[in-house]
1. I'd like the projected area of segment 162-265, averaged over all directions, using the convex hull of its alpha carbons. Report it in nm² with one decimal.
2. Pairs to check: Lys188/Lys271; Lys96/Lys171; Lys23/Lys96; Lys272/Lys344. Give those whose C-alpha atoms are more than 28 Å from each other in this structure.
3. Please report the carbon-and-sulfur percent of the accessible area for segment 241-345; probe 1.4 Å, protein heavy atoms only, DNA, RNA and ligands left out.
4. What is the Cα centroid distance between segment 53-100 and segment 266-345, reported in whole angstrom?
5. How large is the Kirkwood hydrodynamic radius of the chain, counting all unique pairs of alpha carbons, in Å?
6. Taking the solvent-accessible surface of protein heavy atoms with a 1.4 Å probe, what is the per residue accessible area of segment 1-136 in Å²?
7. Would you kindly state the longest site-free stretch of the chain, with sites defined as GluC sites (Glu not before Pro) in a DSSP loop (not H, G, I, E, B) surrounded by at most 16 other Cβ atoms within 10 Å?
8. Mind telling me which of Met318, Met241, Met148 comes out most flexible in a GNM of the chain, alpha-carbon contacts under 10 Å?
Amino acid sequence: MWTLGIESSCDETAAAVVDEQLKVHSNVVFSQIARHQAYGGVVPEIASRCHVEVIGEVLRRALAEAGISAGDVGQVAVTRGPGLASSLLVGVQAAKAFALQRACPLLPVNHLVGHVYALFLDRSEAEALRFPLLILLVSGGHTLLLEMEEDRSLHRLGTTLDDAAGEALDKGANRMGLGYPGGPEIEKVARENHAEPIRLTGAQHLKRTHRTGALDPALCFSFSGLKTALLCALRDHPEWMEPERFPALCSGYQDDVFSGLLGPVERALRKKPYRGFACVGGVARNARLRVLLSDLSQRHKVHLALANPAYCTDNAAMIAGAAAAGAADAVGSPLEMDIVPNLKI
Ligand code: KG4
Ligand code: ZN
């Protein structure tokens, strides 16, 4: 059975076709980056208008590239949240119209669960995931430490108490005069660095007094102190913005963000004998982070699974994959479905 996936939670308009073995047959992503760049971040009004403009064509291309017609689609999966309300609405309306017209089931998918299912796409048996699986989810808006059991149930172990890692990269890049999105821009400059990286601060350790609810503070993240450290550094050392020092600054800042990610991961790996460790989300595209994760998993003798870079940043294949794998239930009637902009895992 073919699953058509639709994703429009932020600034990517995407549609994809996936089969029941979670093999991806098409993965069309229209990135709106060029339309938001002048503003240094996503402008919700522009994003939703752009989704409306391109979603029809994105859907047509996804079907054409998979070599199927609308009548072949067995079910439609769509992101219901979390995300920008006005952007989510566009994908959900398109999915409802498709499901109603074709009389096929409509499955609402949690975008964060979708990021996790990026791991399952196009995966061969030889590289099967191992459970219990520790998962680091690092996107623009979320930084989560999750655990997945053999039965695919997901539990939240840790979260960020302030900024997400991707947000720290995006805001840091903005302060350093780089474009949006900041993660890939910082990575590009950091790659040119041959000097000692300029480190601003080590990983931040959260105290028991921080409000983490039922979550263990040792498994939670914080990046706002690092952001302040960058602001102070730029004020006190304007020379670090000079061309000969700038790559070392970007490289150091990127490593500071990554060590803020790796601390809680390492503590979780010490706490329980995980058989697998995985990383998903937009930041997981970063080549330097992928090397650090590989070193860490070798040190802890745990099997590492990284999502294919094409499925790390927002896409609809991961949304279709989550539905095809049974991680979402069909709604009774497509007309009943609504968006949930602050949906959690
Ligand atoms: O998962 P994603 O596409 O969207 C959200 O759900 O938020 O993640 C976007 C985030 C942005 O913060 C972006 O700067 C970051 O992923 N990102 C990267 C790279 N590519 C995207 N960060 C570091 N290195 C990259 N190559
Ligand atoms: Zn995302």
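1. 6.6
2. In this structure, Lys188/Lys271; Lys96/Lys171 exceed 28 Å between Cα atoms.
3. Carbon with sulfur: 51 percent of the solvent-accessible area.
4. Spelled out, the Cα-based centre of one part sits 22 Å from the other.
5. Numbers: mean 1/r = 0.0484 Å⁻¹.
Mean inverse Cα-Cα distance, inverted, gives 20.7 Å.
6. Result: 39 Å² per residue.
7. Working: sites that count: Glu20, Glu149, Glu150, Glu192, Glu244.
The longest uninterrupted stretch comes out as 21-148.
8. The residue with the greatest mean-square fluctuation here is Met241.
The values are calculated or read from the model by the stated rules, or taken from the named source; none is laboratory data. Since the model is a prediction, treat every value here as computed from it, not as a measurement. Note that each Cβ is placed from the backbone with ideal geometry, even for glycine, and that neighbours are counted across all protein chains shown. These area figures cover heavy atoms from the full protein model, side chains too; ligands, DNA and RNA do not enter into them. Shrake-Rupley method; radii C 1.70, N 1.55, O 1.52, S 1.80 Å.
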